[in-house]
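Engineer: Before anything else, here's the structure in question.
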Amino acid sequence: MRSGSFASPCNPLEPAASLLRRLLFCVFIFAVPAPAQWHRQSFSDLTTPLPLKPGDTLVIGIVGGWEPWDKPYRLVRRICLRLRAEALPGTYIETIENHRVELARELIRKAFDFDGDGELSQSERAQARIVIYGHSLGGAATVDLCRWLKKQEMSVLLSVQIDSVGLRDAKVPSNVRAAANLYQHDIGPMRGQTRIKAEDKKRTEILGNWRYRYPLWKYVNTEEETALLRVLMIPHLKMQFDPEVWDRVEGLIRLAISSSAPSGRQ
């Protein structure tokens with residue numbers, strides 16, 4: 001695994017250029033409608049038994065762009081399927097489209113309503129065990145979902161951003177116990193968030209800002225993706241198909257799941 005990289009860009013114009021790239025990407029990706037044959041994700045597509053039991057952990061992965069939530073070769077879904085295959089006790093994993101984050105909010109409200117009265121009590125909120133990870137626009141949506149959870153007075157065991165692309169994805173809210181950031185910053189239209197910071201260092205541990213490098217000559221098998229995306233988004237796409245990235249994210253999630261610490265820390 002690669003060591004963390006915390007270096008700031010040397011070019012003083014780089015932050016502005018990075019912001020412009022992110023703006024243009026966000027405009028482009030949301031201006032392109034999803035293909036008509038894609039099934040719009042609905043709550044009925046989720047498989048988590050509701051409500052959960054106290055002590056159970058809910059893991060939510062948020063996919064990037066207009067990716068369907070159920071494409072098995074995508075990084076976020078691949079990790080979900082690998083963890084599901086092991087049937088980890090008391091652990092439930094779902095993947096959500098980044099433009100359907102309201103489904104994640106509804107899932108959280110129902111999953112931790114242990115007594116089924118339709119409301120989350122202070123005790124239920126304090127017992128919630130939540131892990132969130134996301135790729136590209138899903139990385140930015142991960143931070144937004146954590147911010148929403150903060151307003152609900154609910155903690156997050158772990159948040160992981162993978163080549164995160166957004167406008168407010170650099171600062172991790174104080175209800176997150178631990179956070180990690182994996183990114184690439186190579187030549188290309190898409191570069192991930194290079195450094196995340198804790199809103200409150202006393203409450204959130206930044207596990208690392210790990211940079212991955214994808215020069216043109218480094219081979220990563222992206223054959224499952226379309227030819228157009230392979231040409232347009234080479235480093236960003238290579239990172240999504242990099243087994244080292246999957247392994248690191250999966251390892252971080254496993255550690256969070258195995259944590260016995262209470263999650264009600266604010």
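Engineer: Taking only region 112-144 into account, find how many residues are crowded, with 23+ Cβ neighbours inside 10 Å, among the hydrophobic types (A, V, I, L, M, F, W, C) and within 22 Å of THR47 (Cβ to Cβ).
Structural biologist: Matching residues across region 112-144 total 6.
Yes or no, residue by residue, for (1) under 30 Å from ASN221 (Cβ atoms); (2) among the hydrophobic types (A, V, I, L, M, F, W, C):
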{"position": "VAL59", "(1), (2)": "yes, yes"}
{"position": "LEU81", "(1), (2)": "yes, yes"}
{"position": "ARG84", "(1), (2)": "yes, no"}
{"position": "LEU88", "(1), (2)": "yes, yes"}
{"position": "GLU106", "(1), (2)": "no, no"}
{"position": "ALA141", "(1), (2)": "yes, yes"}
{"position": "LYS150", "(1), (2)": "no, no"}
{"position": "ASP163", "(1), (2)": "yes, no"}
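Engineer: Inside region 101-123, can you point out the residues that are without any contact (Cβ under 8 Å) to a residue 60 or more places away in the chain and among the basic types (Lys, Arg)?
Structural biologist: ARG105, ARG109
Engineer: I would also like to ask the following. Only one of (1) within 10 Å of the chain's Cα centre (by Cα); (2) within 23 Å of TRP66 (Cβ to Cβ) is not met by VAL131, so which one is it?
Structural biologist: The number of the failed condition is (2).
Engineer: Could you check region 86-101 and list, in sequence order, the residues that are charged (D, E, K, R), in contact with a Phe, Trp or Tyr (Cβ under 9 Å, 6 or more places away or on another chain) and surrounded by fewer than 20 Cβ atoms within 10 Å (Cβ to Cβ)?
Structural biologist: Scanning region 86-101 gives a single hit, ARG100.
Engineer: How about region 178-190: which of its residues are aliphatic (A, V, I, L, M) and either in a loop (DSSP other than H, G, I, E, B) or more than 26 Å from SER259 (Cβ to Cβ) (or both)?
Structural biologist: Of everything in region 178-190, those that are aliphatic (A, V, I, L, M) and either in a loop (DSSP other than H, G, I, E, B) or more than 26 Å from SER259 (Cβ to Cβ) (or both) turn out to be ILE187, MET190.
Engineer: Still on this structure, please answer the following. Among the residues of region 240-248, is any within 30 Å of ARG109 (Cβ to Cβ) and surrounded by fewer than 23 Cβ atoms within 10 Å (Cβ to Cβ)?
Structural biologist: Yes, because at least one residue in region 240-248 is within 30 Å of ARG109 (Cβ to Cβ) and surrounded by fewer than 23 Cβ atoms within 10 Å (Cβ to Cβ).
Engineer: State which residue pairs qualify: first residue exposed (fewer than 15 other Cβ atoms within 10 Å of the Cβ) and inside region 200-215, second residue assigned to a loop (DSSP other than H, G, I, E, B) in any location, beta carbons under 6 Å apart, and separation of 6 or more residues or different chains.
Structural biologist: Final answer for the pair search is ASP200/SER174.
Engineer: What single numbered condition from (1) surrounded by fewer than 17 Cβ atoms within 10 Å (Cβ to Cβ); (2) at pLDDT 80 or above; (3) farther than 25 Å from ALA128 by Cβ; (4) not small (Gly, Ala, Ser) fails to hold for GLU224?
Structural biologist: Failing condition for GLU224: (2).
Engineer: Still on this structure, I have one more. Checking the condition modelled with pLDDT under 95 and touching a helix residue (DSSP H, G or I) at 6+ places or on another chain (Cβ under 6 Å), which residue from GLY192, GLY166 passes?
Structural biologist: Of GLY192, GLY166, the one residue that is modelled with pLDDT under 95 and touching a helix residue (DSSP H, G or I) at 6+ places or on another chain (Cβ under 6 Å) is GLY166.
The values are calculated or read from the model by the stated rules, or taken from the named source; none is laboratory data. Keep in mind the model is a prediction, meaning the values are calculated, not measured. As a convention, Cβ positions derive from the backbone with ideal geometry for all residues, glycine included, and neighbour counts pool all protein chains shown.
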